[in-house]
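Written below as structure tokens is the structure these notes are about.
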Amino acid sequence: MHILVVNDDGPPSTSSSPYVHSLVRELQQAGHLVSVCLPHTQRSWIGKAHIIGQTVEPTYYRPPPPSQTAAGIVPKDGEPDNAGTVHTRPHRQTGETGGEDAPEEWVLVNGTPASCVQIGLYHVFRERPPIDLVLSGPNYGRNTTAVFALSSGTLGGALEAATCNKPAIALSYAFFSQNHDRDIIAEASRHSVRVVEALYKQWPQDRSVDLYSVNVPLVAGVSTHKTVYASILQNYWRDGGCFVAEDVVEDDAEAASATDVEEKNIRAKERVAAAGESATSTPGTTSPNNGAAPITHRHFKWQPHFTDVYRSVDEAPPGNDGWAVREGLTSITPLKANFFQAATHLHETEFLLDPPTTTESTSAADMPLARLSIAEPAAEKKAPQAPASNETLYALVSYEDPYVQPIILDALRAAVPESHLKLLTAAPGATAPTADEPVSLQALIDSVTIETSSPKILQITPYEVIDFDYAASHAASTVINSYIIRKALIRKHFLANTVEQWVAKRPQSVLADHVKRTETFEVDYAEFLDDALVEAFDMRASLDANEETDDEAGRQWWILKPSMSDRGQGIRLFSTMDELQSIFDGWEAAQEEAGEEGFGDDEDDHNDAVAAADLRHFVVQPYIHPPLLLPGTDGRKFHIRVYVLCLGALRVYVHRDMLALFAATSYTPPWVTEGGDGDADDDETRSPDLSAHLTNTCLQDEADKGDSVRRFWDLEEPENSAGIKDAIFDQICRVTGEVFEAAAVAAPIHFQPLGHAFEVYGLDFLVSAGAPASSSTSSTSTAPVTAWLLEVNAFPDFRQTGTGLQDVVAQFWADTLRLVVQRQVFGQNGDDDEKEEDRGGLVLVKDVALGRR
């Protein structure tokens, strides 16, 4: 198991964080992979907070080696220092020897426990296997009763993990003495590991639990005591609260006491209160409560009254978490990551106010509840409709991308009432199954109690782990999120062949004027390039003509794309055979230098290299020039990302809310080269500035992205060109519908829609400043633009939309799953059952009866 450990006490310290290293060692000895991300200093009592506007900066802590006492434990006489060391850069970047001798290293951040969770899950440990569990703690002190739990940074870290859809455990050590006996701590850590492993193994599959709060008392023999489930005691601060008033002492150098010193004092008071002794405090000054007394200038010191908490435990009946710890038992409290709702009998009823003093009537007695709002009327959100059959949908939503996973879950919950939805998990907290361990729908079904022999199943996972066998044998009750075969569209050279075959028999097809003529070829070694292009007649003729002209602006430029690469990798521009040959020579030289396994294989490397395995199939098309450039975009080229839903066999929908993805720099023609103006004498060194030509934002550094992704409908139209965006959308709809029909009809071997499946696609279009060649393709508009289809991507990289436009992706999935649930899952397949308002932003662009519905 891969466990992320966070806490609110900071790095190991004898005064404020004495337990964390002991626990980490026990987890490691139990065989777990442990990644640690902690606040760089004490962050107790901060709850689930983030610091707004902060840039979080890491440092790197190296604990003492296993041969020494765990950090945080006071060393005995003669034992070496065990404090560990802090560094400004991680070990692998310091030039020190790596490999097996590399030291253990933790990440410290100047943030909160919740920030540690976010950074640990999504950033610093991304190169390690997926994290299975987040363990927050062990806290230096108990987190029992509501007063402690609601303020605890330890619980705050676990809550943050739960809201990131990860199983989480908040672990706290309840001490009764500050004499930290190392044997008692070691036993508590061993016992805690057993509890954590058992909780993870038994994690409820029905999402009834998001996190657990575990309190382990630091007493001898704790591992032999009972471990019990316990509720959180609801208690409240009494008269004293958390602060005491003090007279102001001007220019007192001792007024600014260090956080660690104050923490030590608080822990001492906590020990005294836990022991039932009297804890003294500085009383505050009272004043007459008549509303007219003057305000006295005083300071207020953080000094919680722990006696209030422990008195509440003594006064409460047995069974709560405070009682369990007092009795020396380990308490476990299952929790949901939300605020529990009270007075539910009042829900959906009107809250009545006293009549206003004005004479104007404002009675709302007869007004529907949904219209009682101070906001302007908006489109009403429809509540999920229960299926007519009253069946339950069992859904496995386990996609590997943390950006889109919660979006899909929210969309599904909006489409299916909670009472009719049961979410399945392949393993507690697993982000996704793997290709080596594909999911078994039958095994998941067998693991839960299901009353019917053919339950409704929905699987949304990566293609590689979809249980196609189960879905095929249970097609009437199972829906999956991908077709088995669809390379007629998603492989560039297959797409080119699909369009060519379709247009050859249908020369009036819209595809003839909206997909560039494509040459495809295969080449293994650069020296055989000339032979590979024997049948590329149009391109060879163009390149020969280019060689004969000195007018660079008059040359026809071409774009080269590896057929099986993605994220814009390996794309090049050229206008002569020498330039094309130099591209392949350069790739081959780089491949030989790096070795096949090391060339372009880094998943996180968004450069424009191409993996060695992809250097075989290629497509070449005439370069589209000039592109449409719009006002307010700094003259940058853009392409349009269109989200498409294919439903069954076969209905095709285009989502109206499209995106515009911009190049990093202003557009210049390809013959205006980087560092030159395109002189013929520079042919051998000419290299067009790809940042002006390639609009795939994967190729852009984060610092350059800026506003590279925008809503298409928010773009400004050129003067005297009103309606140009509508014309573009019209072309996109017709091209999209026809290209999917072409694949299904003309290439049925390589595109096989299934009635029990749906699939989402991202289609990319580039708009040129020029009308289509045939007037038949612009039936609704004579706008002088052409939307050219570039490529089709199955389950596109939704992360490129960014957080600012995440609502576009969310709305697409909400509309998609509403249709999937209505038409496929619960059998409403008749055409009359689909109402236009049910589609939301989806526009039906093709309905082809393939006989497989």
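The values are calculated or read from the model by the stated rules, or taken from the named source; none is laboratory data. A quick note: this is a predicted structure, and the numbers were derived from the prediction, not measured. Quick reminder, even Gly has a Cβ in these numbers, built from the backbone with ideal geometry, and neighbours come from all protein chains shown.
Computed quantities for the displayed model
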| quantity | calculated |
| --- | --- |
| Any hit, region 65-85, residues being of a type in the set (A, V, I, L, M) and under 32 Å from the mean Cα position of the chain (by Cα) | no |
| Among the candidates Ala532, Ala536, Ala496, Ala553, residue that is without any contact (Cβ under 8 Å) to a residue 12 or more places away in the chain, farther than 30 Å from Val820 by Cβ and among the aliphatic types (A, V, I, L, M) | Ala532 |
| Any chance Thr14 is among the β-branched types (Val, Ile, Thr), out of contact with any strand residue (DSSP E or B) (no Cβ under 7 Å at 6 or more places or on another chain), surrounded by fewer than 21 Cβ atoms within 10 Å (Cβ to Cβ) and farther than 20 Å from Tyr140 by Cα | no |
| Residues located in region 108-124, provided they are farther than 29 Å from Ile184 by Cα and not in a helix (DSSP H, G or I) | Val109, Asn110, Gly111 |
| Filter result (crowded, with 17+ Cβ neighbours inside 10 Å and over 22 Å from Val109 (Cα atoms)) within region 28-74 | His32, Thr69, Ile73 |
| Cβ pairs under 8 Å, 6+ apart, first in region 191-203 and in contact (Cβ under 8 Å) with a residue 40 or more places away in the chain, second part of a helix (DSSP H, G or I) and small (Gly, Ala, Ser) | His191/Ser223 |
| Residue match in region 38-55 (condition: within 23 Å of the chain's Cα centre (by Cα), of a type in the set (Gly, Ala, Ser) and modelled with pLDDT of 95 or more) | no |
| Of the criteria (1) touching a Gly at 6+ places or on another chain (Cβ under 8 Å); (2) assigned to a loop (DSSP other than H, G, I, E, B); (3) at pLDDT below 90, which one Cys698 fails | (2) |
| Output for region 154-202, where each listed residue is surrounded by 23 or more Cβ atoms within 10 Å (Cβ to Cβ) and hydroxyl-bearing (Ser, Thr, Tyr) | Thr154, Ser172, Tyr173, Ser189, Ser192 |
| Yes/no for Ser231 being among the small types (Gly, Ala, Ser), within 26 Å of the chain's Cα centre (by Cα) and closer than 30 Å to Leu409 by Cβ | no |
| Test: residue in region 558-568 that is at pLDDT below 80, in a loop (DSSP other than H, G, I, E, B) and basic (Lys, Arg) | yes |
| Looking only at region 783-797, and only at residues there that are in contact with a helix residue (DSSP H, G or I) (Cβ under 8 Å, 6 or more places away or on another chain) and farther than 22 Å from Phe468 by Cβ, the one that is modelled with the lowest pLDDT | Ala783 |
| Residue pairs meeting the criteria (Cβ under 6 Å; at least 6 apart or on separate chains; first among the charged types (D, E, K, R), in region 443-465; second in a loop (DSSP other than H, G, I, E, B) and modelled with pLDDT under 75) | Glu464/Ala435 |
| Within region 125-144, tally of residues that are among the polar types (S, T, N, Q) and either in a loop (DSSP other than H, G, I, E, B) or surrounded by fewer than 24 Cβ atoms within 10 Å (Cβ to Cβ) (or both) | 2 |
